[in-house]
Every structure is written in C-alpha cells, then in structure tokens.
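To start, the structure itself, in structure tokens.
The values are calculated or read from the model by the stated rules, or taken from the named source; none is laboratory data. What you are looking at is a predicted structure, and each value in this text was computed from that prediction instead of being measured. Methodologically, a virtual Cβ is constructed for each residue, glycine included, from the backbone with ideal geometry; neighbour enumeration extends over all protein chains shown. Heads up: the accessible areas ignore ligands, DNA and RNA and are worked out on the full protein's heavy atoms, side chains in. Shrake-Rupley method; radii C 1.70, N 1.55, O 1.52, S 1.80 Å.
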There are 2 protein chains.
Amino acid sequence: MVVSAVGKVIVLQRRQRSLVRLFGHYLAPDVIKHMARSEQLPELGGDTRHVVVAFIDIVGFTKMSEKLADQDVVRVVNACFDAIGQSITKHQGYIDKYIGDAIMAVWNAPNTVENPEKAAVDAAHEIINLLDHIRQITDQQELDLRIALNAGPVLVGDIGGEHRRSFTVMGTTVNTASRIESVAKDKKVRLAISQSVADGLPKSYPLSEIWTGQLRGLSTDLSVYTLDVAEIYMESAPKDAERQSGQESSNLVEFPR
Amino acid sequence: MVVSAVGKVIVLQRRQRSLVRLFGHYLAPDVIKHMARSEQLPELGGDTRHVVVAFIDIVGFTKMSEKLADQDVVRVVNACFDAIGQSITKHQGYIDKYIGDAIMAVWNAPNTVENPEKAAVDAAHEIINLLDHIRQITDQQELDLRIALNAGPVLVGDIGGEHRRSFTVMGTTVNTASRIESVAKDKKVRLAISQSVADGLPKSYPLSEIWTGQLRGLSTDLSVYTLDVAEIYMESAPKDAERQSGQESSNLVEFPR
C-alpha cells in the first residue's frame with residue numbers, strides 16, 4: 001500500500017511535469033505555470049503594454065501549394081515555421097499565432113524584453129539570412145519571406161470566452177504591422193519597419209526610408225524603413241530607383257481587418 | 001507516510017484533471033486527451049478533410065476602440081466572443097482562433113459533423129439573431145457582425161515547430177472564406193456563403209445570390225449567396241436594388257494573405 005501510493009505519487013508528479021511541458025508547445029509557458037500552480041484560469045482581460053509586433057509571411061506559398069501533395073505542403077510549412085520560430089525564440093520573441101502561411105510574433109509580451117525593437121530587427125535579419133537554408137531543407141527554391149515590424153501599445157491578455165481562450169495581443173499597433181507588410185510587398189523588400197521601430201534602434205543600423213504615406217486606419221502619415229543591406233531586397237533591381245519612388249503614396253496598401 | 005502519500009495521490013490526480021480541464025479552454029479537448037494519455041505530442045502534419053470554414057467579424061470594432069478605455073475594449077470583445085462562441089459550440093463548430101476582432105471557426109474538424117454546411121449556416125443565423133443581445137450586454141449600439149462561410153477541403157492538423165504548435169486548418173478553402181467576407185462587406189449583408197456551402201443546405205433554406213465573379217487566388221468564377229431573411233441585411237435599403245447589382249464583379253474583393 002505504502003509502496004504503491006508512493007510509486008503512484010512519483011508517476012503522477014512525472015505526468016504533471018510532462019503535461020506542463022507538452023502544453024508549453026501550444027501556450028506561453030508562463031501562463032501554463034500560473035495555471036498549474038493556481039488551478040485556475042487567468043482572468044479574462046488585459047493590460048496595455050509597449051511591444052513590437054511582427055508579421056512574417058512565406059511568400060510564394062499559394063503557388064507552391066498548387067504543385068505539392070497536401071502532406072508535402074504541411075511538411076514545408078512546418079519546416080519554415082520551425083526554422084523561423086527558432087530565430088524568434090532565440091531573440092526573446094513570442095510566437096503569438098500562425099495565420100495560414102504567416103507567423104504573428106511579439107516582443108516584450110508576455111516576457112519582458114529590454115530593447116524589443118533591436119531584438120525584433122535582429123531576429124528579422126537573421127530569419128532573412130536563413131532563406132537559403134529554408135529553401136534547401138524544403139527543396140523549394142522559389143520560396144521567399146516578407147517581414148513587417150511595428151512598435152506601439154497593445155492590449156495583452158487572455159481573449160475569448162468560455163469555449164475558447166487565447167493569450168494574445170490586439171489593437172491598432174497590430175493592424176498597422178499587418179498593413180506595413182503591404183508596403184514591403186509593394187516595394188519588394190523582405191523587411192519593412194515602422195518609424196516607431198526605427199526610433200528604437202541603435203544608430204549603427206543602416207536604415208533606408210522606402211515609403212511615406214497614410215495607411216488605412218491611421219489619421220497621420222507614417223514613414224516605413226528597411227535595413228539597407230543587400231539581402232533585404234527581393235530583386236537585384238536598381239535600389240536607387242526604388243528609393244526614389246519611395247516618397248509616393250501607394251494604393252496597394254490595404255488590410256481588411 | 002501512508003496517509004500522506006495516499007493524500008498526495010488524491011491531490012495530484014485532482015490537479016491533473018484540473019490541468020486538462022483548464023487547457024481545454026485553449027486547445028481542442030480531443031487533442032489534449034490524446035496528449036494526457038500518451039504523454040506525447042501529436043505528430044506534426046495533417047490530413048485532408050472536407051470542412052466548412054467561417055470568418056466572423058465584429059464590425060465597427062476599430063471605431064469603438066477609439067472611444068473606449070483599453071480595459072473596456074477587452075471587456076466588449078470578450079463579451080462578443082463568448083456569446084458567439086456559445087452558438088458555435090452549440091452547433092458543433094470548433095473555434096480555431098481569434099484574429100484581432102474576428103473569429104475563425106470550423107465545422108467537421110477536429111470532430112465529425114454530419115452536415116457541416118447546415119450546422120454552420122444554422123450557427124451563423126443564430127449568431128446574427130444574437131446581435132441585439134450583444135449590443136445590449138456590451139452597451140455598444142453601433143456594433144455589427146459579418147459572417148462568411150466556405151466549404152471545401154483543408155489540411156487539418158498540428159502546424160508549427162518546436163517552439164509553438166497550433167491545431168488548425170489551412171489551404172485555399174480558408175483563404176477563399178476570408179475573401180468571401182469582402183463580398184459580404186461590399187453587399188452590406190451580415191452573412192455570405194459560397195456555392196459549395198449553398199449546395200450542402202436543405203432546399204427549404206431561402207437562398208439569394210448576391211454576387212458572381214472571380215475572387216483573387218481562384219481561377220474560376222464563384223457565386224456567393226445569402227440567406228434571404230430580413231435580419232441578414234445591414235441596411236433596410238431596397239433589397240431588390242442590391243440584388244440587381246449582385247451580378248457585377250467587384251473590385252473591392254481583396255484578401256492579403
């Protein structure tokens with residue numbers, strides 16, 4: 001009896017650790033630890049917090065999907081998400097969610113990050129440098145990546161109702177990040193960052209303004225920048241020409257949510 | 001010793017049940033039960049399955065956000081998501097994720113649903129009938145809802161990498177559902193359903209074609225329908241006029257992902 005009860009305690013303790021570890025793949029570990037201790041759900045609701053939000057798109061995904069069997073599409077997506085996720089995590093970012101072929105990631109929530117702008121740009125730069133590796137492991141030479149970063153206040157917390165909850169961030173800062181991605185697409189750069197992200201970077205980072213205008217949903221003009229390094233440009237087309245047209249507004253910029 | 005070990009077993013068993021229950025708010029219960037039993041993550045990857053995908057948008061959210069304190073925004077969003085989520089769950093749907101102020105839901109994955117088209121349309125109709133209730137509990141008279149439904153094959157399974165996983169669905173069927181929402185917006189209806197959803201409904205459902213054209217990302221024309229009941233129309237404007245213009249293509253239809 002004693003032996004069996006003690007043995008069972010050990011088994012159950014191991015199982016609890018295992019469950020917490022397994023669930024940690026789906027939800028922020030801090031949220032899980034809190035639940036395991038308190039045996040309660042976090043309060044629904046949230047706090048306002050300054051974060052950097054990233055949208056990271058796999059470019060050419062739809063085209064690729066048409067050529068591949070379903071199982072291979074998932075294999076390629078997972079290989080991309082795994083490689084990109086490692087860079088995000090290494091640079092202290094949090095993967096908020098996958099939206100189709102895109103990753104939404106956050107810096108400075110739920111964990112504190114000292115300089116979220118620098119951490120996010122460093123991660124983005126590293127991810128873009130992974131492109132050849134990603135093409136190689138997935139055997140998809142036409143894949144490309146596009147990353148948009150925006151900094152600002154968001155609501156952070158548990159969103160949802162009784163039947164489904166998500167720990168996430170929401171607000172204009174998120175929508176704007178998504179719209180900045182359209183600027184990146186328009187300007188054929190792999191990375192586009194907002195003024196607010198640029199302002200948080202060390203002076204040594206080689207920034208180049210690529211666009212100024214009014215994004216849908218914003219009441220003032222916004223400048224969008226990129227890192228002026230060769231691997232950021234999708235085409236080896238003359239960079240100067242692109243930069244010259246950078247001051248014009250674009251009609252292509254649109255985001256539906 | 002015996003007592004304390006036996007007591008601990010009871011505590012640990014209760015805690016494990018509690019963890020599984022708490023996690024059920026964040027992840028499909030079937031996936032959790034599988035993990036709790038096997039103490040292993042599900043295989044990454046997926047199967048192809050016929051589902052109905054829904055995008056349910058809170059209309060007027062951005063405008064509302066500007067007027068409210070952050071805490072109130074979260075309170076309103078959560079009240080909406082809770083009320084809508086209850087209808088989805090009642091009609092056998094699964095809440096895949098929250099994307100900003102929108103809900104993405106699925107019928108026939110992970111659980112089998114006998115007639116997913118009917119279940120999804122019934123849920124959508126019920127949700128739209130909840131609008132007055134939602135406006136009342138949130139004290140936001142200007143809130144509105146927009147729902148788009150599409151049926152077709154998707155990839156269902158665990159997506160992601162080592163650092164973050166999601167049980168989700170992906171594929172053209174999902175993107176098309178999102179684009180159909182733009183048709184609903186354009187035509188000022190609260191519900192837009194694709195031909196494939198319409199084909200799966202009982203003959204008694206009063207369908208009305210509102211648009212035919214080529215959505216971005218698709219190579220053939222698609223017809224979009226609505227339920228021809230008063231509460232579906234956002235404006236009490238002449239419905240016939242709207243229906244007459246329903247055959248024209250729209251340039252507004254666009255989805256970025």
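Beyond 28 Å in Cα-Cα separation lie the following of the pairs A:118/B:63; A:63/B:63; A:33/A:90; A:90/B:67; A:33/A:97; A:67/B:187: A:118/B:63; A:63/B:63; A:90/B:67; A:67/B:187. Once C-alpha pairs closer than 8 Å and six or more residues apart are averaged by separation and normalised to the residue number of region B:54-190, the relative contact order reads 28 percent. For chain A, the relative contact order comes to 18 percent (Cα pairs under 8 Å, sequence separation of at least 6).
Modelled label positions at residue B:141 and residue B:43, each set 7 Å beyond Cα in the direction of Cβ, lie 5.7 nm from each other. Only beta bridges with both residues in chain A are counted; by DSSP, about 90 percent of them are antiparallel.
Beta bridges assigned by DSSP with both partners in region A:143-204 are antiparallel in approximately 65 percent of cases. For residue B:207, the residues whose amide H sits under 5 Å from its own are B:228, ignoring neighbours fewer than 5 places away on the same chain, with H placed 1.01 Å from N.
For the segment A:56-65, counting C-beta atoms of other chains within 10 Å of every residue's C-beta and taking the mean gives 1.
For residue A:187, the solvent-accessible surface with a 1.4 Å probe is about 20 Å², rounded to the nearest 10.
Only Cα pairs within less than 10 Å get springs; with that Gaussian network setup on chain A, which residue of A:148, A:230, A:102 has the largest fluctuation? Ranking A:148, A:230, A:102 by mean-square fluctuation puts A:230 first. Only helical runs count toward this figure. For chain B, summing -39,500 (n - 2.57) over DSSP H runs of n ≥ 4 and dividing by all residues gives -13000 deg cm²/dmol at 222 nm. Listed by number, the DSSP H helices of chain B that run 15 Å or longer by alpha-carbon position along their axis and have mean Kyte hydropathy of at least 0.5 are B:2-23.
Pairs of Cα atoms in the protein assembly as shown fall into 20 Å distance bins, from 0 up to the last occupied one, in shares of 22, 55, 21, 2, 0 percent. Legend: calculated FRET efficiency, residue B:90 to residue A:203, from the Cβ-Cβ distance at R0 = 56 Å, rounded to 0.05, equals 0.50. Entry comment: accessible area of chain B is 43 Å² per residue, from protein heavy atoms only and a probe of 1.4 Å.
Any chance you could check the Cα centroid distance between region B:14-54 and region A:149-190 for me, in angstrom? Spelled out, the Cα-based centre of one part sits 26 Å from the other.
With a 1.4 angstrom probe, the accessible area lost at the B-A interface totals about 7100 Å².
By the Cα gyration tensor, chain A has an equivalent ellipsoid whose semi-axes, rounded to whole angstrom, run 37, 22, 16 from largest to smallest. Shape class of region B:1-140 from the alpha-carbon gyration tensor: oblate, with a/c at 1.5 or above and b/c at least as large as a/b. The mean number of Cβ atoms from other chains found within 10 Å of a Cβ in peptide A:90-98 is 3, as a whole number.
The largest accessible area among A:21, A:135 belongs to the first residue in A:21, A:135, and the rest follow in falling order (1.4 Å probe, all chains). Between region B:201-223 and region A:85-135, what is the C-alpha centre distance in whole Å? So the separation of the two Cα centres works out to 39 Å. Packing here is the average count of other Cβ atoms within 10 Å per residue, and on that basis the peptides A:4-15, B:68-79, B:158-169, highest first, run B:158-169, B:68-79, A:4-15.
Residues whose amide H lies under 5 Å from that of residue A:146, counting only those 5 or more places away or on a different chain, are A:57, A:59; hydrogens are built 1.01 Å from N in the peptide plane. Rounded to the nearest 20, the size of the Cβ-charge dipole of the protein assembly as shown about its Cα centre is 2020 debye, with Lys and Arg at +1 and Asp and Glu at -1.
The stretch between residue B:21 and residue B:231 holds 71.9 nm of extra length on full extension. This uses 0.36 nm per residue minus the Cα-Cα distance. Rolling a 1.4 Å probe over the protein heavy atoms of region A:1-127, with every protein chain left in place, gives an accessible area that is 53 percent carbon and sulfur.
When a/c reaches 1.5 or more, the comparison of a/b and b/c decides; with that in mind, is region B:153-219 rounded, prolate or oblate per its Cα gyration tensor? Prolate, since a/c reaches 1.5 and a/b exceeds b/c. Would region B:1-66 count as rounded, prolate or oblate if I go by the C-alpha gyration tensor, calling it rounded below 1.5 in a/c and otherwise prolate when a/b exceeds b/c, oblate otherwise? Verdict is oblate for region B:1-66.
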